[in-house]
1. Quick one: what are the phi-derived ³J(HN,Hα) couplings along region 134-151, Karplus 6.51/-1.76/1.60 with θ = phi - 60°, whole Hz, x for glycine and proline?
2. Counting only Cα atoms, I'd like the Rg/Rh figure for region 80-196, Kirkwood definition for Rh.
3. Restrict the search to region 124-232; then list the trypsin sites (Lys or Arg not before Pro) that DSSP places in a loop and that have at most 10 other Cβ atoms within 10 Å of their Cβ.
4. Take every Cα-Cα pair in the chain and report what % of them are more than 21 Å apart.
5. Relative to the longest principal axis of the chain, what angle (0 to 90°, nearest 10) does the C-alpha long axis of helix 44-54 take?
6. If the only charges are +1 at each Lys and Arg Cβ and -1 at each Asp and Glu Cβ, what is the size of the charge dipole of the chain around the Cα centre, to the nearest 20 debye?
7. For the chain, which whole percent of the accessible surface, found with a 1.4 angstrom probe, sits on carbon and sulfur atoms?
8. Helix 152-165 sits at what angle to the longest principal axis of the chain, using alpha carbons and giving 0 to 90 degrees rounded to 10?
Amino acid sequence: MALGQRIRDCRQQAGLSQEKVAEQVGVSRQAVTKWEAGQTAPSTENLLKLAEIFHVPVEYLVESETQQRELAQQVRLVCDSMDQERTARRRAKWRQDSQAALAVAAGYLIIYLLGRLIWCSQQGSNLLGWLALNRPQGEHSYLYGWLLSSRLFWVAMATSVLAALLGRRWLAYTTGAGFLAGLLLGIALGPYPPGAPYGHGDYGWAIWGGIFLASVLLGILAEKQLAKKKSI
């Protein structure tokens, strides 16, 4: 039985139209028509796709043992090539994710160091003390100091960096931007007169928390939309 006849018989047994087969293989309907008429032959990659669509061994679609041996060799070459492409894509993706994670981490560390320069005195302490031990003091230092004392600074940083390493770069970028926006707006809008019921006269913590949580939700929605576009 000729190759074209086998393709037609398998397609009819599967209850598929030529248009449906063409759509799943990724070719035009005219290409499927020519295959079934014996005018042209599908490539090895398309033969593999046809066998998968029809749920038959790829050897079933070819005519002779010689063709089957040749096909087996071609299949091995195609599979090796596909494996190499997948490996290259994984490496490229890991490199991009790692670069994104480093960029996000660098952004957080710059914010940390700027806060140290602005609100932490260097007098009477060594470099280690200034970098890690001295407490922020002075005007507008409340929110920065609260983020450090509650360890939320590092929790937020870990959230953004881990998202980048897992390939969720939109989530990493939105949470990083949300952290900075929340910090700046909290510093600018948070202070209230002494005696306010929450935050010891400063609502910066609430402003930062609301903006950061909103950025997490926004990042998750962005990742879902991106996943939908990739699946189309």
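The values are calculated or read from the model by the stated rules, or taken from the named source; none is laboratory data. Note that the structure is a prediction, hence the values are computed from the model and not measured. So basically every Cβ, Gly included, is an ideal-geometry build from the backbone, and we count neighbours across all protein chains shown. Keep in mind that these areas ignore ligands, DNA and RNA; they rest on the heavy atoms of the full protein, side chains included. Shrake-Rupley method; radii C 1.70, N 1.55, O 1.52, S 1.80 Å.
1. After applying 6.51 cos²θ - 1.76 cosθ + 1.60, I find 4, 7, x, 9, x, 5, 6, 8, 4, 5, 4, x, 5, 4, 6, 5, 7, 6 Hz.
2. Details: Rg = 18.7 Å, Rh = 16.3 Å.
With Rg and the Kirkwood Rh in hand, the quotient comes to 1.15.
3. On the way: sites: Arg151, Arg168, Arg169, Lys224, Lys228, Lys229, Lys230; in loops: Arg151, Arg168.
Listed in order of number, the matching sites are Arg151.
4. Values: 18660 of 26796 pairs.
That fraction is 70 percent.
5. 90
6. Values: 24 positive and 17 negative charges, 59 e Å.
That gives the chain a dipole magnitude of about 280 debye.
7. Numbers: 8690 of 14580 Å².
About 60 percent, which is the carbon plus sulfur part of the accessible surface.
8. 20
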